[in-house]
Each structure stands twice: as C-alpha cells, then as structure tokens.
Amino acid sequence: MARRKRYTLKAKQISQIERLDLMRRGIQGIIVDLDNTIVSEDDVYLSPHSEAWIRDAQKEGFRLFILSNGKRKYRVDYWSARLNVPALSPARKPFPASFRRAMASMQLKPHQVIVIGDSFHTDVLGSLLSSCSCIQVASLPHPPRWWEKILGKWVQIPYLNAEELWSADCEYSYP
C-alpha cells in the first residue's frame, strides 16, 4: 500500500478551511486545538464562524477531537460540551501520546486525520511526530506569555485584523 503524503498548510482561521478539500484528501478526522485556535485563552475572542464550521463538519461525517494543553479543566470541559466534541486536557502536546489517544478514540489512522492549531511548537510539531497532516491557523489575540514575547513570531502566525473577531461570551461553572 502506498503511503499518503503528509502536508502542512496555513489558514487565517478555521472557517476558511475547505472541508470538501479535506474529504478529497481522504481526511475523516480532525484533531483541533482549543486555546487561541477556537477561542482565545483569556476567553475574550472567538474565531469567527468556528462553531458553525465544527457543526457542519460533524454533519458531514468528520470525527472531531479537542486536544488542549490548557490547565483549566472546567474550561476545556465547557467547550467540549458546547461544541459536542470529546476533549483531552492537559494533552502535553507535542508529545504523540495524546494524538494517538485522539486517533484511537476516533478509530482512525494518522493518514486519515488532520490537526488544526495555532502553534508550531505544539500543534504542528505534534502532528509531524504523530504522522498526521496539519493546518496552522493564525493565533487569536491573547495576553502573551514570556516565551511568546521572545519566540512568538517564529511559532505563531499573528491574527492581523481584530475587527473580524467575535466575542466569546462564555459562562463557566467553577468546580
């Protein structure tokens, strides 16, 4: 059996990814990052049309799984329930164990899965270590961590047009 070629693409936001193109490439499963990909880690911004894109992907038969390095489990649980997508947190990306666990949950092989995330050092590198293809999206605006001030321009694509961002409007129930 011939090995399928892995690829790494870039997109401004999730809603600009053509699901029909993913289907043509044989993709059946999507591992998606949460923080700064779907919603900013400070819960201020939501990637435009991301919830509708995820719902449409589910209706079209894609299997989805959230991998988040976020340490606030209640937050990941909230978004997992809101999007109706199983999640694992903390995922310890880029280590492949969580990617393999997500693929096992979706019952798919690496060549059938694509990873969508904003960070090269976690999402893209994790996809490569797990033999999956990847789409790197622009990172939603968020308060930068110390290492992002130094390395951010090499590991993330900045989100340039804040006018297009949506309010996240989330309500958590704390444990």
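The values are calculated or read from the model by the stated rules, or taken from the named source; none is laboratory data. All values reported here derive from a predicted model rather than from experimental measurement. So basically every Cβ, Gly included, is an ideal-geometry build from the backbone, and we count neighbours across all protein chains shown.
List of remarks:
- A residue that is in contact (Cβ under 8 Å) with a residue 60 or more places away in the chain and not basic (K, R) can be found somewhere in region 64-75.
- Of residues in region 44-96 being among the charged types (D, E, K, R), under 27 Å from S131 (Cα atoms) and in a loop (DSSP other than H, G, I, E, B), the one modelled with the lowest pLDDT: K71
Condition check ((1) in a strand (DSSP E or B); (2) at pLDDT 95 or above; (3) closer than 22 Å to I54 by Cβ) across all residues:
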{"residue": "S105", "(1), (2), (3)": "no, yes, yes"}
{"residue": "L108", "(1), (2), (3)": "no, yes, yes"}
{"residue": "V115", "(1), (2), (3)": "yes, yes, yes"}
{"residue": "L128", "(1), (2), (3)": "no, no, no"}
{"residue": "H142", "(1), (2), (3)": "no, no, yes"}
{"residue": "W147", "(1), (2), (3)": "no, no, no"}
{"residue": "I150", "(1), (2), (3)": "no, no, no"}
{"residue": "E163", "(1), (2), (3)": "no, no, no"}
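- Among residues of region 7-22, those that are among the basic types (K, R) and either modelled with pLDDT of 90 or more or in contact with a Cys (Cβ under 7 Å, 6 or more places away or on another chain) (or both), counted: 1
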